[in-house]
Amino acid sequence: EAQVTQNPRYLITVTGKKLTVTCSQNMNHEYMSWYRQDPGLGLRQIYYSMNVEVTDKGDVPEGYKVSRKEKRNFPLILESPSPNQTSLYFCASGGGAGYNEQFFGPGTRLTVL
Amino acid sequence: RKEVEQDPGPFNVPEGATVAFNCTYSNSASQSFFWYRQDCRKEPKLLMSVYSSGNEDGRFTAQLNRASQYISLLIRDSKLSDSATYLCVVNIGNQFYFGTGTSLTVIP
């Protein structure tokens, strides 16, 4: 089954404790992206990747890191989480440059205390 | 200024009604346009891409007006299952910009 998976689905952590949210897709997509969704602000793009070893900042990259060492995986790293990073996070993948449909993972609900 | 603006609603309509959503975008360099559907706190899913000539998929019709920089979605013969939040999405280069969504509830 073609899908994007994210783990964990739910996470409660404390300020400053490094965490990684994994994202994996099995559709051989070149494009992958991370978004956060907050009430009243909609989905905002954090980082995206056009291919292996190619990553770029989106609209809200501060406080986040990503890596793309393999085509299928695109982890999101919070080196020192803060309460303002409490949000619903979605990973997505797509078949090419920005013209195509994106497929989203189920989301990760993160709470930073 | 937000790249994409949508009326958040909510739109509450009876079954069988026709409902239209509009969305405006600010950047004339916007290249591709989409409508996504999101059920309560679940992942967004593509409803349809929006083409300059307009396009239709069953009960759904999407229109793009580049001169006025707006996108519309028309839903005919609303079903209960259409209740969701509809997200307008614009692509500029390799980035995507989402509207905050328009909430639709179809009432029996």
Limited to the range A:3-44, what total is found for residues that are farther than 30 Å from B:Asp7 by Cα, polar (S, T, N, Q) and within 14 Å of another protein chain (Cβ to nearest Cβ)?
-> 4
So how many residues does the range B:25-47 have that are over 19 Å from B:Ser72 (Cβ atoms) and not aliphatic (A, V, I, L, M)?
-> 6
Residue within the range A:49-57 that is in contact with a strand residue (DSSP E or B) (Cβ under 8 Å, 6 or more places away or on another chain), more than 11 Å from every other protein chain (Cβ to nearest Cβ) and not in a strand (DSSP E or B) present | no
Tell me, please, whether a residue that is away from chain A (no Cβ under 12 Å), of a type in the set (Gly, Ala, Ser) and either closer than 24 Å to A:Asp59 by Cβ or out of contact with any helix residue (DSSP H, G or I) (no Cβ under 9 Å at 6 or more places or on another chain) (or both) can be found in the range B:86-101.
-> no
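The rows are residues; the columns are (1) more than 10 Å from the chain's Cα centre (by Cα); (2) not in a loop (DSSP other than H, G, I, E, B).
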{"position": "A:Gln6", "(1), (2)": "no, yes"}
{"position": "A:Gly16", "(1), (2)": "yes, no"}
{"position": "A:His29", "(1), (2)": "yes, no"}
{"position": "A:Leu43", "(1), (2)": "yes, yes"}
{"position": "A:Ile46", "(1), (2)": "no, yes"}
{"position": "A:Gly63", "(1), (2)": "yes, no"}
{"position": "A:Glu70", "(1), (2)": "yes, no"}
{"position": "A:Thr111", "(1), (2)": "yes, yes"}
Please give the strands (runs of 3 or more DSSP E) falling wholly within the range B:3-61 in which 2 or more residues are within 12 Å of chain A (Cβ to nearest Cβ), of a type in the set (Gly, Ala, Ser) and surrounded by fewer than 17 Cβ atoms within 10 Å (Cβ to Cβ).
-> none
Hits in the range A:63-94 (condition: within 16 Å of A:Val52 (Cβ to Cβ), touching a strand residue (DSSP E or B) at 6+ places or on another chain (Cβ under 6 Å) and of a type in the set (Ser, Thr, Tyr)) = A:Ser93
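Bear in mind these aren't lab numbers, they're just calculated from the coordinates by the rules spelled out. Small disclaimer: the values here were computed from a predicted structure and weren't measured. Note that we place each Cβ from the backbone using ideal geometry, even for glycine, and neighbour counts take in every protein chain shown.
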